[in-house]
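Accompanying notes for the structure given below.
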């Protein structure tokens, strides 16, 4: 099985929102996103999608975007991004998801020996007292996610965030420090658009860090693990 990651699909079937307003890197979206996925992902593969899945404001409006994702090859693990306003209670969301699609929130998932844990994250360092509260809450969410793996057998661990788990100078945030304590094989994140991946931290304590925002990947999911 291969494990891929790609964040920030920014789909908008119900109320189309052209992404080209965010730069030339979004030319051909969303068709390029669907095409790039089909070119690399197989039916038995696992794809982590860490946030900003749909521009929808309500679950009913996001369903067409979720169905478009469901039609793509592979099994999908979704995490919430800062623009996923449509994301309802986790029980309601899970009840609405098509087969082969999973959503994480305060917990984790193990698929064929690969564990996926994570949380949305938030900007670091926090800029306001409200940011500090949100960031502290995200730290607690990551603790819950990793704790959910206790007693579960797995051979590989992926930790996923939507926001980068480090500051603008590459300094590790408490989220990154906490993730590293779990000894994952890889950490992925999205959110950054127009960034040069070569100028971002490539690893932390020997753990690879991957920017997987869709535009940074030119809409081709990134292979992050290949397991027996």
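Tabulated results
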quantity: Qualifying positions in region 28-45 - over 17 Å from residue 74 (Cα atoms) and outside any helix (DSSP H, G or I); calculated: 28, 29, 30
quantity: Region 19-37 residues that are on the phi > 0 side of the Ramachandran plot and at pLDDT below 90, paired with ones that are part of a loop (DSSP other than H, G, I, E, B) and surrounded by 11 or more Cβ atoms within 10 Å (Cβ to Cβ) (beta carbon under 6 Å, 6 or more apart); calculated: 23/194
quantity: Checking residue 169 against (1) surrounded by 13 or more Cβ atoms within 10 Å (Cβ to Cβ); (2) farther than 18 Å from residue 50 by Cα, the condition it does not meet; calculated: (1)
quantity: Candidate set from region 180-208 (those that are touching a helix residue (DSSP H, G or I) at 6+ places or on another chain (Cβ under 8 Å) and closer than 19 Å to residue 4 by Cβ); member that is surrounded by the fewest Cβ atoms within 10 Å (Cβ to Cβ); calculated: 207
quantity: Count of region 57-79 residues which are under 22 Å from residue 122 (Cβ atoms) and out of contact with any strand residue (DSSP E or B) (no Cβ under 8 Å at 6 or more places or on another chain); calculated: 1
quantity: Qualifying positions in region 151-170 - assigned to a loop (DSSP other than H, G, I, E, B), over 20 Å from residue 113 (Cα atoms) and either free of Cβ contacts under 8 Å to residues at least 12 places away in the same chain or under 19 Å from the mean Cα position of the chain (by Cα) (or both); calculated: 162, 163, 164, 165, 167, 168, 169
quantity: Region 51-104, residues that are out of contact with any helix residue (DSSP H, G or I) (no Cβ under 9 Å at 6 or more places or on another chain), touching a residue at least 60 places away in the same chain (Cβ under 8 Å) and part of a loop (DSSP other than H, G, I, E, B); calculated: 51, 52, 80, 81, 82, 83
quantity: Options 47, 41: the member that is within 21 Å of residue 106 (Cα to Cα) and crowded, with 22+ Cβ neighbours inside 10 Å; calculated: 47
quantity: Hits in region 204-216 - residues which are under 16 Å from residue 187 (Cβ atoms) and in a loop (DSSP other than H, G, I, E, B); calculated: 205, 206, 212, 216
quantity: Filter result for residue 179 (modelled with pLDDT of 95 or more and either within 18 Å of residue 124 (Cβ to Cβ) or not in a loop (DSSP other than H, G, I, E, B) (or both)); calculated: yes
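Matching residues to (1) surrounded by 15 or more Cβ atoms within 10 Å (Cβ to Cβ); (2) under 27 Å from residue 60 (Cβ atoms):
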residue	(1), (2)
76	yes, yes
97	yes, yes
108	yes, no
118	yes, yes
127	no, no
140	no, no
162	yes, yes
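The values are calculated or read from the model by the stated rules, or taken from the named source; none is laboratory data. Please read these numbers as outputs of a predicted model, since none were measured by experiment. Note that we place each Cβ from the backbone using ideal geometry, even for glycine, and neighbour counts take in every protein chain shown.
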